Amino acid sequence: MKKLFMAVLLLWSAGMHAQTIAEGNKNLYYQRYHSAVNVFSQLSSQQPGNGAAWLGLATAYLAQNAAPKAAQAIGNAPAEVQDHPYFRAAKGSLLLAQNKKDSAAVFFGQALDQTRQKDAALLQAIAKAHIAWGDASRALELLQQAQKREKRDAAINTLMGDAYRKMGNSGEAYKQYQEAIAKNDKYARAHYQLGDIFLSQKNADMYVQHFEKALAADPAYAPALEKLYAYEFARNPQKARAYYMQFMANSDTSVNNQYDLADLLYINKEFNEAIAKAQSLVQQEGEAVQPRIYKMIGYSYAGLRDTAKAATYMQQYFQQAPDSVLVPQDFVSMSAFLTADSDTANDSLAATYLARAVEVEKDSATLYKYYQQLAELAKNRKDFGEQAKWMHRYYAGNERATNLDLFNTGLAYFRAENYGMADSIYGMYVAKYPDQSFGYYWQAKSKALQDPEMKEGLAIPAYQQLITVLKQDTTDANYQKWMVEALGYLAAYEANTEKDYAEAIGYFEQVLEVDPGNADARKYIDILEQDSNSK
């Protein structure tokens, strides 16, 4: 009876051991690597001589790119397991991940010799290591040997497909994945890998189809859920959220999941929930929190139309995020938050942020839009020099810029009292639009203000051209006003600079032809005639 009890106990223990290894391997298959580490860590502690546990533990760490942790675990393994073929495969995998290929080959060779290359699971484990960090052709050799032992194993064909993909042979990879599905259409990883081929080719119709087939085969296959979530993220936020909730239910919990969930709440316009989730991350992570979470809070408050809080959190984002991750839209959004109300007090700061967007933006069409916005902000605060600068940039090389844009550029320079640049801009205007009076008029005014005492007569040619153009269309809305101004300026120049009173009187007489009731012209004619008679 005692012997029977011990036999049952041994069988029960073996069953539990097999279940535990199977549980760990299942976690590896579903890419639940933290769970796999927990399972294999516990098992290697309870069963230190279990080589499969050490191989699983090393595999789980290496899958997370945690080679130092794998090295620490392997280094702490007891002597009793050092000669186990699975442990040697674990050691070889670690060495291969560390790019120590020759040393890895020694351990792999010992493990294969010990098992006479007949252990299909060991052959697959070493092949996986070669697919990840070593020689894909060697991986194929090992998998072909494994297939002789396990002819109906879909996992082997799928690994063969992985090896072919590493070799750049997607055609053969496709065949192997299809063969795996033919052997077991419930093997989700084969469907998933087919989808991944089409994902690399950016063929959305095909990769979505295969990821969906992976889920149909196994609704718990988290890698496919994650890919479908990513696909739907910008297309269908609600569908993306549904996929992600399934993904979280079938994968290890991590802080990154919480960041992703906050993003999903935001994109689904659940702004209060997104803020609450983000604030919990800030509290949980402290100084280690990803700076982007402050940006998401800012955008969420903007979604709630609280642009003051939006600006506050965006400011925190700018303080903590490295320059390398800042994008033009960040600065544009901050500028928009600062100018959301009618108060112009923040216009200067808004312009500062928008100018930073200009510094990092590469698309010329978008830059022109920013130039316009910066010019408008400068105009609002009556900083005409800044307005002129940005309007000038907007016009230069811009096929969509109009004559009005050029005119307003000159006007901004004029208002900034930069008469030299205003003169230059209106010179461009009259060259492009010689039949329009506007350019001549404002060029003449710009030149006149560069020569306030009329000593050089800078404005004379421009006023003369203005008169010529105005005479060609007496219906011009500005005809009388500008003719009077131009003729009056020429008269003043002749009287004050040239001392040619007769010429000056002639110009004033032309003023009266245009504006018969002009009292100033009559007065100056009388004065000039008296001065002429007195000489």
Next item on the list: Specify which of the listed residues (345, 310) is crowded, with 19+ Cβ neighbours inside 10 Å and either at pLDDT 95 or above or not β-branched (Val, Ile, Thr) (or both).
Entry: 310
Notebook entry, point to check: If you check every pair at least six apart or on different chains, which have Cβ atoms under 6 Å apart with a residue in segment 143-156 that is at pLDDT 95 or above first and a residue that is open to solvent by 20 Å² or more (accessible area, probe 1.4 Å) and among the basic types (Lys, Arg) second?
Noted result: 152/183; 154/183
Notebook entry, point to check: Say we look at segment 476-498 and pick out the residues that are hydroxyl-bearing (Ser, Thr, Tyr) and under 60 Å from the mean Cα position of the chain (by Cα); which of these is nearest to residue 531 (Cα to Cα)?
Noted result: 489
Margin query: residue 261 - would you say it is of a type in the set (A, V, I, L, M, F, W, C) and either under 28 Å from residue 304 (Cα atoms) or assigned to a loop (DSSP other than H, G, I, E, B) (or both)?
Written below: yes
Note to self: Six or more apart or on different chains, Cβ atoms under 6 Å: show the pairs whose first residue is in segment 207-219 and closer than 17 Å to residue 242 by Cα and aromatic (Phe, Trp, Tyr) and whose second is open to solvent by less than 20 Å² (accessible area, probe 1.4 Å) and part of a helix (DSSP H, G or I).
What the structure shows: 211/195; 211/224; 211/228
Next item on the list: Among the residues of segment 296-338, write down those that are more than 16 Å from residue 354 (Cβ to Cβ) and in contact with an Asp or Glu (Cβ under 7 Å, 6 or more places away or on another chain).
Entry: 296
Next item on the list: Working carefully through the options 138, 152, find the one that is in a helix (DSSP H, G or I), open to solvent by 10 Å² or more (accessible area, probe 1.4 Å) and touching a helix residue (DSSP H, G or I) at 6+ places or on another chain (Cβ under 7 Å).
Entry: 138
Notebook entry, point to check: Considering segment 56-72 alone, what residues qualify as being within 21 Å of residue 22 (Cβ to Cβ) and open to solvent by less than 20 Å² (accessible area, probe 1.4 Å)?
Noted result: 56, 57, 58, 60, 62
Notebook entry, point to check: When residue 400 is evaluated against the numbered criteria (1) in a helix (DSSP H, G or I); (2) more than 21 Å from residue 312 (Cα to Cα); (3) not acidic (Asp, Glu), which criterion, by number, is the only one it fails?
Noted result: (1)
Check: Would you call residue 250 closer than 20 Å to residue 227 by Cβ, at pLDDT below 95 and in contact with a helix residue (DSSP H, G or I) (Cβ under 6 Å, 6 or more places away or on another chain)?
Finding: no
Next item on the list: Considering every residue within segment 360-370, establish whether at least one is in a helix (DSSP H, G or I) and among the acidic types (Asp, Glu).
Entry: no
Check: Would you call residue 222 under 28 Å from the mean Cα position of the chain (by Cα) and modelled with pLDDT of 95 or more?
Finding: yes
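For (1) over 23 Å from residue 523 (Cβ atoms); (2) open to solvent by 10 Å² or more (accessible area, probe 1.4 Å); (3) touching a Cys at 6+ places or on another chain (Cβ under 9 Å); (4) not in a helix (DSSP H, G or I), each residue gets a yes or a no:
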residue	(1), (2), (3), (4)
440	yes, yes, no, no
447	yes, yes, no, no
456	yes, yes, no, yes
461	yes, yes, no, no
464	yes, yes, no, no
467	no, yes, no, no
476	yes, yes, no, yes
491	no, no, no, no
Next item on the list: Pick out the one residue from 336, 375, 357 that is assigned to a helix (DSSP H, G or I), touching a Pro at 6+ places or on another chain (Cβ under 7 Å) and under 25 Å from residue 307 (Cβ atoms).
Entry: 357
Next item on the list: Residue by residue through segment 83-118, note down the ones that are in contact (Cβ under 8 Å) with a residue 24 or more places away in the chain and of a type in the set (Gly, Ala, Ser).
Entry: 89, 90, 92, 93, 97, 104, 111
Next item on the list: Please state which of the following conditions residue 483 fails to meet, knowing it meets all the rest: (1) within 27 Å of residue 427 (Cα to Cα); (2) open to solvent by 30 Å² or more (accessible area, probe 1.4 Å).
Entry: (2)
Next item on the list: State the number of residues belonging to segment 498-535 that are polar (S, T, N, Q) and surrounded by 14 or more Cβ atoms within 10 Å (Cβ to Cβ).
Entry: 2
Check: Looking at segment 299-325, which of its residues are part of a helix (DSSP H, G or I) and under 17 Å from the mean Cα position of the chain (by Cα)?
Finding: 299, 314, 317, 318, 323, 324, 325
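The values are calculated or read from the model by the stated rules, or taken from the named source; none is laboratory data. Keep in mind it's a predicted model, so treat the numbers as computed, not measured. So basically every Cβ, Gly included, is an ideal-geometry build from the backbone, and we count neighbours across all protein chains shown. Note: areas computed on protein heavy atoms with side chains; ligands, DNA, RNA excluded. Shrake-Rupley method; radii C 1.70, N 1.55, O 1.52, S 1.80 Å.
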